[in-house]
1. Before we move on, is Ala213 modelled with pLDDT of 95 or more and under 21 Å from Arg146 (Cβ atoms)?
2. Checking the conditions here, which among Ala204, Ala169, Ala176 is part of a helix (DSSP H, G or I), in contact with a Lys or Arg (Cβ under 8 Å, 6 or more places away or on another chain) and more than 28 Å from Asp242 (Cβ to Cβ)?
3. Quick check on my filter: what residues within region 119-141 are exposed (fewer than 11 other Cβ atoms within 10 Å of the Cβ) and modelled with pLDDT of 75 or more?
4. Could you grab me the full set of residues in region 192-213 that are among the hydrophobic types (A, V, I, L, M, F, W, C), surrounded by fewer than 20 Cβ atoms within 10 Å (Cβ to Cβ) and under 29 Å from the mean Cα position of the chain (by Cα)?
5. So how many residues does region 229-258 have that are in a helix (DSSP H, G or I) and open to solvent by 30 Å² or more (accessible area, probe 1.4 Å)?
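The values are calculated or read from the model by the stated rules, or taken from the named source; none is laboratory data. Note that this is a predicted model, so its numbers are computed, not measured. Reconstructed Cβ throughout: ideal geometry from the backbone, glycine too, with neighbour counts over all protein chains shown. Heavy atoms of the whole protein, side chains included, go into the accessibility calculation; ligands, DNA and RNA do not. Shrake-Rupley method; radii C 1.70, N 1.55, O 1.52, S 1.80 Å.
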Amino acid sequence: LELRRVLDDEPVLAGPPSLGYRASKFIRRHRASVLAATVVVLALVTATAVSILFAIREAAAREVAQQERDRAQEAERLAAEEAERARIAAATSQRISAFTTGILEGVDPTKAGDLDKTLMRQILDDASRRIERELAEDPVVQAALRDVIGGTYLALGEFDDAGPQLAQALAARRSALGDEHRTTLLTREKIAELTRKRGQIAEAAAQQREILAARRRVLGDDDPDTIGSLANLALVLRLLGDLDGAEPLLVECLERSRKSFGDRAPSTLKAMNNMAA
């Protein structure tokens, strides 16, 4: 009987079989089933391990993505706050510039009436010194004020004082805004006027041609500044004796001013006066 049990891979009864002994006998009897079960168990264990691994990686990826979103939202919030601070600072700077410019424009002899010219120059000199000290960190505002100061010196006939102010205003505006920005062109126009009043008519004509071309290109033919440039270039051509060159500019100036502003607008009446001259 024991021999039969050995041949059949069953535990012998001669002694108490251990668990390992019983298991080895069972595996030998059911080798195919045990092997299949082992493969299934290993597959299940492997699949479970892989699933856990992917779950861990996915959770880590989600956490990283959330951290990236949080950082992006924080950066966006900070950028919005910085933009708002910049907007407020720019608006404040513009208000201060407009207020101060208005005060300085009141010194212009064409607006100041009987105000003593010595007092005008004193105000301008003091403003120029204060700009240098107090607005060194704000070149755009500094340029706007220097443009007004230089233009007022120009109206007073103080050409030697007007030149440096306008040159500094032009340099600052070119650097901050570009050569063909509207305000840069306004400063260039004042420099061309200064050139003309100093008697350098041909050079002034060249400057006015450049300004007119830039305004046509950037602002359009019917912009008030462009219409003003037509008159300014015609003026220096008249001074050069080039009436044939001045006439079509004045005709265009008159037509565009009438079209844009009407028959009674100051620019239209000025254009009519220039045509009569």
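1. For Ala213, the condition - modelled with pLDDT of 95 or more and under 21 Å from Arg146 (Cβ atoms) - is not met.
2. Ala169
3. Hits for region 119-141 are Asp126, Arg129.
4. Scanning region 192-213 gives a single hit, Ala213.
5. Number satisfying all stated conditions: 13.
Residue by residue, here is whether (1) touching a residue at least 40 places away in the same chain (Cβ under 8 Å); (2) open to solvent by 20 Å² or more (accessible area, probe 1.4 Å); (3) within 15 Å of Thr195 (Cα to Cα) holds:
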position: Ala143; (1), (2), (3): yes, no, no
position: Ala155; (1), (2), (3): yes, yes, yes
position: Glu158; (1), (2), (3): no, yes, yes
position: Ala162; (1), (2), (3): no, no, yes
position: Gln165; (1), (2), (3): no, no, yes
position: Gln168; (1), (2), (3): no, yes, no
position: Ala172; (1), (2), (3): no, yes, no
position: His181; (1), (2), (3): no, yes, no
